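Engineer: Take this structure first; my questions come after.
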């Protein structure tokens, strides 16, 4: 490698490594360091506590509730997201006209363009509101009874999941559409010659050849949903009744900025980081695909 090539590589890679160090490595190391301390920014006191913050986690009932709610929300929402977005993407890609496909892609992506907080405010005041909400007005019209969607522990998680799917489905629909469009038409023509129907073509052609796209979509959606915060803060009041809407992200925020226990909040953040890291590694191992066309 010539000197000019080495200089070019250094000029390209040094900013990338610097950015990773400043915005990724240093914050992670800083969070781990704070998690080993008792730190109150208002008292200006810092004491080294070792692993005491981590030792408190198993006996903390709020942490157990937040962890359970996070897992329920993430696994349920991701499963519905993948199934619904893939179904809609397949239906859109079956349309003959490019203009029609583009129109429906635009329609499904519109909710993703609105800020999550603004959308959550609209849903909280106009759609899920107990008295004047659109959903309850429809229920009353058909003779039912109003439901406190964000005020009843039995419906809190359902409400948040439905809102999240509405606000976030568009991303994965676009990704699945791109993956389907990338499958050569000759493969579908061969399936037609073999007499394959729509379900058989999806099962034996579309879904297997979407392996890499599906792996990417599941992984990114899992990472994103583990970190969801805005809708839980806006839709719910005080983490919902009986802490039914308390998740790890909101518990981290409350511990750090309400209780001012930065060390304990950092410990919870490290646990969340480890969970996401493990899920990511397991997902990549379970969904290794080896195909070509």
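The values are calculated or read from the model by the stated rules, or taken from the named source; none is laboratory data. Just so it is clear, the model here is predicted, and its values are computed rather than measured. Cβ atoms come from the backbone with ideal geometry, glycine included; neighbour counts cover every protein chain shown.
Engineer: What are the pairs with Cβ atoms under 6 angstrom where one residue, in the range 188-201, is closer than 18 Å to residue 90 by Cβ and the other, located anywhere, is modelled with pLDDT of 85 or more and part of a helix (DSSP H, G or I)? Sequence gap at least six, or different chains.
Structural biologist: 191/201; 191/205
Engineer: State all residues of the range 152-187 that are part of a helix (DSSP H, G or I), without any contact (Cβ under 8 Å) to a residue 40 or more places away in the chain and closer than 30 Å to residue 232 by Cβ; if no residue qualifies, say none.
Structural biologist: 158, 162
Engineer: A further question on this structure: Could you identify the single residue in 218, 252 that is surrounded by 16 or more Cβ atoms within 10 Å (Cβ to Cβ), out of contact with any strand residue (DSSP E or B) (no Cβ under 9 Å at 6 or more places or on another chain), assigned to a helix (DSSP H, G or I) and free of Cβ contacts under 8 Å to residues at least 60 places away in the same chain? Write out each step before concluding.
Structural biologist: Numbers: 218 fails: free of Cβ contacts under 8 Å to residues at least 60 places away in the same chain.
Every option except 252 fails the conditions.
Engineer: Does at least one position in the range 74-88 carry a residue that is out of contact with any helix residue (DSSP H, G or I) (no Cβ under 7 Å at 6 or more places or on another chain), loosely packed, with under 13 Cβ neighbours inside 10 Å and either in contact (Cβ under 8 Å) with a residue 12 or more places away in the chain or outside any helix (DSSP H, G or I) (or both)?
Structural biologist: No, the range 74-88 contains no residue that is out of contact with any helix residue (DSSP H, G or I) (no Cβ under 7 Å at 6 or more places or on another chain), loosely packed, with under 13 Cβ neighbours inside 10 Å and either in contact (Cβ under 8 Å) with a residue 12 or more places away in the chain or outside any helix (DSSP H, G or I) (or both).
Engineer: For the range 55-67, check the following and say yes or no: at least one residue is within 21 Å of residue 163 (Cβ to Cβ) and assigned to a helix (DSSP H, G or I).
Structural biologist: From the range 55-67, those within 21 Å of residue 163 (Cβ to Cβ) are 65-66; that's our starting set.
Adding the requirement that they be assigned to a helix (DSSP H, G or I) leaves 65-66.
Checked against the condition, which is being within 21 Å of residue 163 (Cβ to Cβ) and assigned to a helix (DSSP H, G or I), the range 55-67 yields at least one hit.
Engineer: Under the condition of being on the phi < 0 side of the Ramachandran plot, crowded, with 21+ Cβ neighbours inside 10 Å and not in a helix (DSSP H, G or I), which residue from the range 229-249 is nearest to the chain's Cα centre (by Cα)?
Structural biologist: 247
Engineer: Here is a further query. If I filter the range 5-25 for residues that are touching a residue at least 40 places away in the same chain (Cβ under 8 Å) and surrounded by 11 or more Cβ atoms within 10 Å (Cβ to Cβ), do I get at least one hit? Give the steps one after another, and end with the answer.
Structural biologist: Start the filter on the range 5-25 by keeping residues that are touching a residue at least 40 places away in the same chain (Cβ under 8 Å), which leaves none.
No; the residues of the range 5-25 include none that is touching a residue at least 40 places away in the same chain (Cβ under 8 Å) and surrounded by 11 or more Cβ atoms within 10 Å (Cβ to Cβ).
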